[in-house]
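The values are calculated or read from the model by the stated rules, or taken from the named source; none is laboratory data. Not measured: the values here are computed from a predicted model. Reconstructed Cβ throughout: ideal geometry from the backbone, glycine too, with neighbour counts over all protein chains shown.
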């Protein structure tokens with residue numbers, strides 16, 4: 001019996017139709033749950049863009065798209081070999097030669113300061129800063145400066161970096177600061193008496209706390225940047241399949257991957273889909289003067305009320321300044337570099 005006669009067999013018509021329908025529904029669902037797409041055609045010719053954690057995942061996809069749109073891309077990464085490989089791939093795909101790598105370990109205040117000093121002395125402008133890097137639900141450990149890793153990397157590292165680059169950003173205005181947070185901030189709490197989770201550690205809640213800190217940081221930063229020409233926004237990229245989820249139960253369980261994997265695939269974004277909101281916030285001219293907002297699927301939405309608490313945001317800022325050792329000396333040093 002020929003192949004065509006086999007598939008036209010009445011006993012196979014229903015199973016094949018069902019399979020085809022299931023595949024079609026899965027693909028449509030995958031596209032639907034992929035969320036909003038950046039349809040903006042604006043370019044950023046010659047603008048200098050710093051993206052932390054851009055050697056893989058949504059950071060890499062963001063860098064790739066912004067390079068296509070003419071940006072001068074600085075891949076701010078911890079792993080030099082991986083970042084260099086990503087740089088080469090972006091250059092080859094886009095033809096944009098203005099892609100470079102600079103090392104930064106957000107879990108090291110010394111590394112953050114060194115990176116910021118190099119940027120302030122070497123770069124004429126910083127037009128867009130995307131605080132993208134992060135760690136998620138990792139086992140309990142501390143950074144080299146003694147901070148719980150998720151709070152130290154996701155919040156404190158970016159807090160210090162942003163502050164050390166503020167004068168450069170102000171002198172480059174109109175400029176933008178974009179921080180990748182998460183819908184997980186809705187479960188977060190800022191426990192000022194236990195920011196290092198030494199009394200109690202739950203890796204899931206610690207991650208949520210760090211993402212709430214991102215939202216509160218943006219809220220307070222927006223107030224401090226009033227009338228400077230610098231905007232500060234944060235976003236939820238969606239649930240994205242990237243290396244950041246390596247510590248979650250799904251990735252560590254054969255049962256979960258084999259049974260729940262197909263369902264996970266349908267409802268979880270690809271890195272390219274997850275990068276769309278970061279790209280939108282970075283390039284859309286309509287958002288040039290929009291600040292202090294929370295984005296999801298390329299649109300402004302309302303964050304959890306905890307993310308807009310003025311009192312907590314201001315206190316977190318002051319405590320964070322103390323934790324990272326941000327002083328007037330840092331500010332004066334930045335001004336000196338800007339005028340030299």
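Some points to look at:
- Hey, residue 302 modelled with pLDDT of 95 or more, in contact with a strand residue (DSSP E or B) (Cβ under 6 Å, 6 or more places away or on another chain) and either surrounded by 15 or more Cβ atoms within 10 Å (Cβ to Cβ) or more than 15 Å from residue 178 (Cβ to Cβ) (or both) or not: no
- Listed by position, the helices (runs of 4 or more DSSP H) enclosed by segment 148-261 that each have at least 3 residues that are modelled with pLDDT of 95 or more, in contact with a helix residue (DSSP H, G or I) (Cβ under 7 Å, 6 or more places away or on another chain) and surrounded by 19 or more Cβ atoms within 10 Å (Cβ to Cβ) are 158-171, 203-224.
- Within segment 44-66, the residues that satisfy the criterion of being closer than 17 Å to residue 124 by Cα and surrounded by fewer than 24 Cβ atoms within 10 Å (Cβ to Cβ) are 44, 45, 46, 47, 48.
- Positions within segment 67-118 being buried (at least 19 other Cβ atoms within 10 Å of the Cβ), assigned to a strand (DSSP E or B) and touching a strand residue (DSSP E or B) at 6+ places or on another chain (Cβ under 6 Å), in sequence order: 72, 73, 74, 75, 76, 99, 101
- Among residues of segment 274-293, those that are buried (at least 24 other Cβ atoms within 10 Å of the Cβ) and not in a helix (DSSP H, G or I), counted: 1
- Any hit, segment 126-141, residues being surrounded by fewer than 21 Cβ atoms within 10 Å (Cβ to Cβ) and assigned to a helix (DSSP H, G or I): no
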